[in-house]
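Before any comments, here is the structure.
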Amino acid sequence: MASVKNATDGAPNAQGPVAVDLDIDNITEYVINGFNKNADVRMKFIFERLITHIHDFARETRLTTDEWRTGLDWLQACGQICTKDRKELITVSDIFGLSTLVDEIDHPKPPGATEGSILGPFHSLDAEEKTNGDHISSDADGEPLFVYCTVKDTQGNPISGARVHVWEADSHGEYDIEKADRTRPDGRGILRSNEQGEFYFNAITPTPYPILCDGPVGKFFEIAGRHEYRPAHIHFMFECEGFDKLITALYLRDSKYRDSDAVFGVKRSLVVDIHELDAETAAKYNLSGVNKLLRYDFVLASDSEANALRERHSAAALKALGRDASLPSHVPPTL
Ligand SMILES: [Fe+2]
């Protein structure tokens, strides 16, 4: 095994440790030490752990050159199939469970707060602003569904003015951004909660759908022998000053695949029932031709509640790693 040498031992132009005679046992230390001493502390820490785990992965699996090349080809194909509306790498993160894991880490919830779920690859920034009661879907084949929700803080106070993104697939399980002939946003919208913390809209009853498997993700499913379906759901994302951003979804209790979501997004607290729409609600919201109702009360964690949990969990994780618990944990990436 080679040992780490000082720059003065090696080539005349070398800066830092001399990177020669690297082998299975010492290359990880060399690569990590190659970071500039003045590099961003958080970035250095992230790359140190990433390199450590990638190297350990290769050592533990005794990765062959052919396997390494196959993996790189797969990653390259993932990148090549991406477009503005085809977000293969988000799906890769989803099917590996990384999206759920990161959301759990970065958006901890105090008791009573609504749990998060994955963003998925079908959120679009061009959704139209909607008024309470508007339709978000033009799909004539879909079963009309009235969605009535409230949003409150953990003390039970209504939150007014929350910006709520909602999006769903059509009755054939397709999102608007998957369609080549898309001319405008559909199956999505952005609402504002009113003074009572209410927001409501007309949608269609969601149906299960397969995630896109005509590319590299599909190859993974072939190998894994897993099905590629998501249970019926509607996505929600809440943005409100003073509150931690909440990305979540509601899943239908009776939906096929509810307990085997291909991308690991379902939480029991996010499973809902569809009810028959009562006459009183239909009259109050001036609804006609709608027979189904979905109700849900969302609870947002405040920034201070989420930050306190984040810092506590981060300190515990660093301590378990034997690291200085004062290491900054949430510096925005600056790559
Ligand atoms: Fe979805």
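Summary table
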item: Residues located in the range 137-190, provided they are among the hydroxyl-bearing types (S, T, Y) and away from the ligand (no atom under 16 Å from the Cβ); result: S138, Y148, T150, T154, S160, T183
item: Matching residues in the range 80-113 - criterion: being over 29 Å from T154 (Cα atoms) and either away from the ligand (no atom under 16 Å from the Cβ) or among the β-branched types (V, I, T) (or both); result: Q80, I81, C82, T83, K84, L89, I90, T91, V92, I95, F96
item: Conditions (1) within 15 Å of the ligand (Cβ to nearest atom); (2) in contact with a helix residue (DSSP H, G or I) (Cβ under 8 Å, 6 or more places away or on another chain): number failed by G215; result: (1)
item: Residue match in the range 114-121 (condition: open to solvent by 50 Å² or more (accessible area, probe 1.4 Å), polar (S, T, N, Q), more than 16 Å from the ligand (Cβ to nearest atom) and in contact (Cβ under 8 Å) with a residue 12 or more places away in the chain); result: no
item: Among residues of the range 77-111, those that are part of a helix (DSSP H, G or I), open to solvent by 60 Å² or more (accessible area, probe 1.4 Å) and over 24 Å from F238 (Cα atoms), counted; result: 1
item: Only listed residue being modelled with pLDDT of 95 or more and either crowded, with 20+ Cβ neighbours inside 10 Å or closer than 17 Å to D153 by Cα (or both), chosen from Y251, Y285; result: Y251
item: Residue among D73, D139, D106, D85 that is closer than 30 Å to S314 by Cα and of a type in the set (D, E); result: D106
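A quick yes/no check of all residues on (1) without any contact (Cβ under 8 Å) to a residue 24 or more places away in the chain; (2) within 16 Å of the ligand (Cβ to nearest atom); (3) open to solvent by less than 30 Å² (accessible area, probe 1.4 Å); (4) out of contact with any helix residue (DSSP H, G or I) (no Cβ under 6 Å at 6 or more places or on another chain):
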{"position": "F243", "(1), (2), (3), (4)": "no, no, no, yes"}
{"position": "I247", "(1), (2), (3), (4)": "no, yes, no, yes"}
{"position": "Y257", "(1), (2), (3), (4)": "no, yes, no, yes"}
{"position": "G265", "(1), (2), (3), (4)": "no, yes, yes, yes"}
{"position": "L270", "(1), (2), (3), (4)": "no, yes, yes, yes"}
{"position": "L293", "(1), (2), (3), (4)": "no, no, yes, yes"}
{"position": "S304", "(1), (2), (3), (4)": "yes, no, no, yes"}
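The values are calculated or read from the model by the stated rules, or taken from the named source; none is laboratory data. These figures come from a predicted structure and were not determined experimentally. Quick reminder, even Gly has a Cβ in these numbers, built from the backbone with ideal geometry, and neighbours come from all protein chains shown. All accessible areas refer to the heavy atoms of the entire protein, side chains included, with ligands and DNA or RNA removed. Shrake-Rupley method; radii C 1.70, N 1.55, O 1.52, S 1.80 Å.
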